[in-house]
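What follows is a short report on a single structure.
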Amino acid sequence: MIKQISVFLENKPGSLYAMTGVLAQNQIDMRAFSLAETSDFGIARIIVDDVYKTTTVLKDAGFINNITPVLGVAIPDVPGGLNKVLQALTDAKVNVEYMYAFLGGKDVDHAYMIFRVEDNSAATAALSARGIKTVEQEEIDKL
């Protein structure tokens, strides 16, 4: 399982800049990033190399954040790779709430996706049964 940090941001100029500035000043490396917004606020979803340090420095800087368990999946970088993953989840009746991609460093044979699903255990079992590799927090830290 991977720990995703969701940071609540006011939807105004400079909010995202301020948050990433806190991360940069504290030498925190983002591995994956997604931003969703509404007219009043945004949610930055980040995967980082040091979850505890990140949540601490964000809190100290006044940013409201929480941790959500998400599923990381290494997807073969071939046509239909994502479709195969989604087929396994669909067959297991696991709903995907949201997902986003990130780069995998030197591993050019795989794309990496973060999935927020209703049931991480059922999703992991369904993927494993199809030979699809899930990624743990320790592996993300080393990318």
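To test your reading of the geometry: what angle, between 0 and 90 degrees and rounded to tens, separates the Cα axis of helix 120-129 from the longest principal axis of the chain? That works out to roughly 40 degrees. Here is how the number arises for the chain: DSSP H runs of 4 or more residues each give -39500 (n - 2.57), the sum is divided by the residue count, and the result at 222 nm is -9500 deg cm²/dmol. Near A44: Cβ cut-off under 13 Å, other residues only, Lys/Arg at +1 and Asp/Glu at -1. The net charge is -1. Between R45, R31, R130, the Gaussian network model of the chain with springs among Cα atoms under 10 angstrom shows the greatest mean-square fluctuation at R130. In this structure, the pairs whose alpha-carbon distance is over 29 Å, taken from K84/K142; K12/K93; K12/K142; K12/K53; K3/K133; K12/K59, are K12/K93; K12/K142. Shape analysis of the chain based on the Cα gyration tensor places the equivalent ellipsoid semi-axes at 28, 16, 13 Å, largest first. Assuming charge only on the beta carbon of Lys and Arg (+1) and of Asp and Glu (-1), the dipole of segment 1-75 about its Cα centre is about 120 debye to the nearest 20. Overall, the chain carries a charge dipole of about 100 debye about its Cα centre when +1 sits on the Cβ of Lys and Arg and -1 on the Cβ of Asp and Glu, all other atoms neutral. Here the 3J(HN,Hα) profile of segment 88-103, calculated from phi with Karplus coefficients 6.51, -1.76 and 1.60 at θ = phi - 60°, is 4, 5, 4, 4, 8, 6, 9, 7, 8, 7, 6, 7, 7, 9, 8, 7 Hz, Gly and Pro shown as x. Between D50 and T20, the simple spin-label model (points 7 angstrom out along Cα→Cβ) gives 2.1 nm.
Using the Cβ of N95 as centre and a radius below 9 Å, the other residues enclosed give a net charge of -2, where K and R count +1 and D and E count -1. Across segment 1-109, the mean sequence separation of Cα contacts (distance under 8 Å, 6 or more residues apart), normalised by length, yields a relative contact order of 34 percent.
None of the figures in this text is laboratory data; all of them are computed from the coordinates on show. This is a predicted model, so every value here is computed, not measured. Note: ideal-geometry Cβ built from the backbone for every residue, glycine included; neighbour counts use all protein chains shown.
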